[in-house]
Structure formats: C-alpha cells, structure tokens
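Please read the structure below before turning to the comments.
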Amino acid sequence: MAYISLRSVHKTYPNGYCALKDINLDIESGLFIAVLGPSGAGKSTLLRVMNALDPATQGEISIDGVVLNKKNYRQMRAHIGMVFQQFNLVDRLNVMTNVLVGRLAERSWLSSLFYLFPKTDYQIAEAALREVDLLEKAWSRADKLSGGQQQRVGIARALAQQPKMILADEPIASLDPKASEEVLKLLRKICSEKGITVIVNLHQVEYAKQFADRVIALKSGQVVFDGHPDALTQARQAEIYGTILEETTDDYELVLAHA
Ligand code: ADP
Ligand code: MG
C-alpha cells in the first residue's frame, strides 16, 4: 500500500490561480523522490498540500491510510518533517534548542512558551544531532554555523519529530556545491537507513539522477513525468523545461531588440 496517495488533487489560490491540476500520485514508503520542474510549476504548492500547510482545494490526500481532513491536519503534520531552503532556524537560539523545536508538536503551549522540554526530548534531540554529525555544535548559536551546517540542523529538527516522511523544499538552493552534495547524501542516508520517505524539490536534474529512486516532474501544475531517473532522457528534460527555454530565448531577443 502507498504511504501517501493523492487523488484528483487541485489547488486553487484565493486569487483564482490554479497551481495544481488533477494530481494523482501513489508514493510507497521509504523511497527518495525528487520533484523537478521549472520555477512556478507548483513544486512548493505540492509539498504544502501534502503537509496540509496550505490544504488542497479539491481531491483527497491520504497518509498511511488516513484521509487528511480539517480535524486531523495538526495530528498528521506532527510526524511529517519539513526542511526549508532558508533553513528557518531561530538564529539567536543555540542548535540544541532549534532541534528541540521539532518536539513542540508533542508539548503543551505552556512548555513551548518557555522552551521547557522533558529529558526524553533532549535525548531525542541529541540522537538527531548525532545523526547529522553536529553534536559538538549543540551549544553554539545557530547563526554561527555555516549554511551547510545550518541545513543539517534543519534536518535534525525534522528528525526530532520522529517523522515517517520528510518534505524538503529546495533544501540546497542556498548552498554551495559541496554543502549541497553533503545535504543530499545525508537525506539519502536517512531515507535508506531509517526507511523514512523523503520528497525533495530540486532544480538540478543531475542531483535527481544521482540520488532519487523516482522522479516526478511538474509543469504548469500538472505531472508531466513520473518514473525512474534513468528514463529522464534529454528529450524528456527538454519537454519538462521547454517553456522556460523558450522564455529565456524570448528574453534574450528582447534584450537584443533594446540594445
Ligand atoms: P514552484 O515551487 O514550482 O516554483 P509554486 O508552487 O511556488 O511553484 O507556485 C506555483 C504557482 O502558483 C506560481 O505561478 C505561483 O506564482 C503561484 N502561487 C504560489 N503561491 C501563491 C499564492 N499564495 N497565491 C497565488 N498564487 C500563488
Ligand atoms: Mg518553490
């Protein structure tokens, strides 16, 4: 059975823009999925509807056999880790506290307010930091770390949720190539060793080919490719990124016309 299923999912924003059109997907547990597609294709929207951060406006999403609805959003979200392009750490807090934030879904608002966590939460956070190889930085301020290290803290925070799935929205877009590869290797390791389903929005086809078990490509809010990365030939890539290439050419001509 699929871990996460989307049936006829549509997302129309309040301004009437339809960012996802009739998405049907079944994603088995424990896979590493790369979501590709040009800017504006709907990749971030897809991750947000999967996490019910910005719910679908039509269709049905089920996770682990449970259909997402208004009543269970919060509870379902507790076990989905999110990783962001800009890391979303609290800069002035230390690394340990940032990772403990991953435990907040399990705690009362009062203990969250004062960042009070039981000992078990510290143990979970410590294990997560060990997993991303940053335990020695536990008491450093988050903003003292390099970008790659900050993203690893972001991953540790997701791990502290003890997630069954991690959704990463362009997790390497702000990193240099070396840190990018480290972060993707780490996500791949977490997926393979812990059986956590990882879905990553990416810009680079090469990284998708290197790390993913399956590639889903979006264009104008629709799935235009879904398969093994090896099937992503040059021709298929041109189809996926076609419009953007044309747009680039137009821009180029426009610049020349004004020169
Ligand atoms: P991607 O992540 O692939 O770049 P997004 O999911 O961010 O694409 O956006 C898909 C489309 O939806 C874009 O055309 C974007 O402008 C539009 N969009 C995103 N968020 C909103 C919003 N809150 N309101 C209206 N339109 C939006
Ligand atoms: Mg995006």
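A quick yes/no check of all residues on (1) more than 30 Å from Arg236 (Cβ to Cβ); (2) in a loop (DSSP other than H, G, I, E, B); (3) within 16 Å of ligand 1 (Cβ to nearest atom); (4) of a type outside the set (A, V, I, L, M):
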residue: Ala41; (1), (2), (3), (4): no, yes, yes, no
residue: Ala52; (1), (2), (3), (4): yes, yes, yes, no
residue: Lys71; (1), (2), (3), (4): yes, yes, no, yes
residue: Arg92; (1), (2), (3), (4): yes, yes, no, yes
residue: Leu100; (1), (2), (3), (4): yes, no, no, no
Here the residues within the stretch 41-83 that are open to solvent by 50 Å² or more (accessible area, probe 1.4 Å) and under 30 Å from Gln149 (Cβ atoms) are Arg48, Leu53, Arg77, His79
Here the residues within the stretch 3-20 that are more than 12 Å from ligand 1 (Cβ to nearest atom) and outside any strand (DSSP E or B) are Tyr3
Restricting attention to the stretch 46-55, does a residue exist that is in contact with a helix residue (DSSP H, G or I) (Cβ under 9 Å, 6 or more places away or on another chain), closer than 20 Å to Ile199 by Cα and more than 16 Å from ligand 2 (Cβ to nearest atom)? yes
Restricted to the stretch 23-34 and to residues being among the β-branched types (Val, Ile, Thr) and closer than 13 Å to Met50 by Cα, the residue nearest to ligand 2 (Cβ to nearest atom) is Ile23
Contact list, first residue from the stretch 201-230 and over 15 Å from Pro38 (Cα atoms), second anywhere and open to solvent by 10 Å² or more (accessible area, probe 1.4 Å) and among the aliphatic types (A, V, I, L, M), beta-carbon distance below 8 Å, six or more apart or interchain, is Asp213/Leu31; Arg214/Leu31; Pro229/Ala212
The correct count of residues that are among the small types (Gly, Ala, Ser) and open to solvent by less than 10 Å² (accessible area, probe 1.4 Å) in the stretch 193-235 is 3
Here the qualifying pairs (Cβ atoms under 9 Å; residues six or more apart or on different chains; first in the stretch 80-98 and on the phi > 0 side of the Ramachandran plot and at pLDDT 95 or above; second open to solvent by 30 Å² or more (accessible area, probe 1.4 Å) and assigned to a loop (DSSP other than H, G, I, E, B)) come out as Phe87/Ser174
For the stretch 45-67, pairs from a residue that is within 18 Å of Met82 (Cα to Cα) to a residue that is of a type in the set (Val, Ile, Thr) and assigned to a strand (DSSP E or B), with Cβ under 6 Å and 6 or more apart or across chains, are Asn51/Ile80; Ala56/Val9; Ile63/Ile4
Checked the stretch 21-38 for anything part of a strand (DSSP E or B), open to solvent by less than 10 Å² (accessible area, probe 1.4 Å) and either under 21 Å from Ala56 (Cα atoms) or touching a Gly at 6+ places or on another chain (Cβ under 8 Å) (or both); matches are Ile23, Leu25, Ile27, Ile33, Ala34, Val35, Leu36
Selection from the stretch 131-164 of residues hydrophobic (A, V, I, L, M, F, W, C) and either open to solvent by 30 Å² or more (accessible area, probe 1.4 Å) or out of contact with any helix residue (DSSP H, G or I) (no Cβ under 8 Å at 6 or more places or on another chain) (or both) yields Leu135, Trp139
Within the stretch 16-39, the residues that are at positive phi and either touching a residue at least 40 places away in the same chain (Cβ under 8 Å) or touching a Ser or Thr at 6+ places or on another chain (Cβ under 8 Å) (or both) are Asp22, Gly30, Gly37
Inset, instruction - Test Leu104 against the criterion of being modelled with pLDDT under 95, in a helix (DSSP H, G or I) and surrounded by 15 or more Cβ atoms within 10 Å (Cβ to Cβ), and give yes or no. - result: yes
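The values are calculated or read from the model by the stated rules, or taken from the named source; none is laboratory data. Because the structure is a prediction, the values reported are computed rather than measured. Cβ coordinates were reconstructed from backbone atoms using ideal geometry, including for glycine residues, and neighbour counts include every protein chain displayed. These area figures cover heavy atoms from the full protein model, side chains too; ligands, DNA and RNA do not enter into them. Shrake-Rupley method; radii C 1.70, N 1.55, O 1.52, S 1.80 Å.
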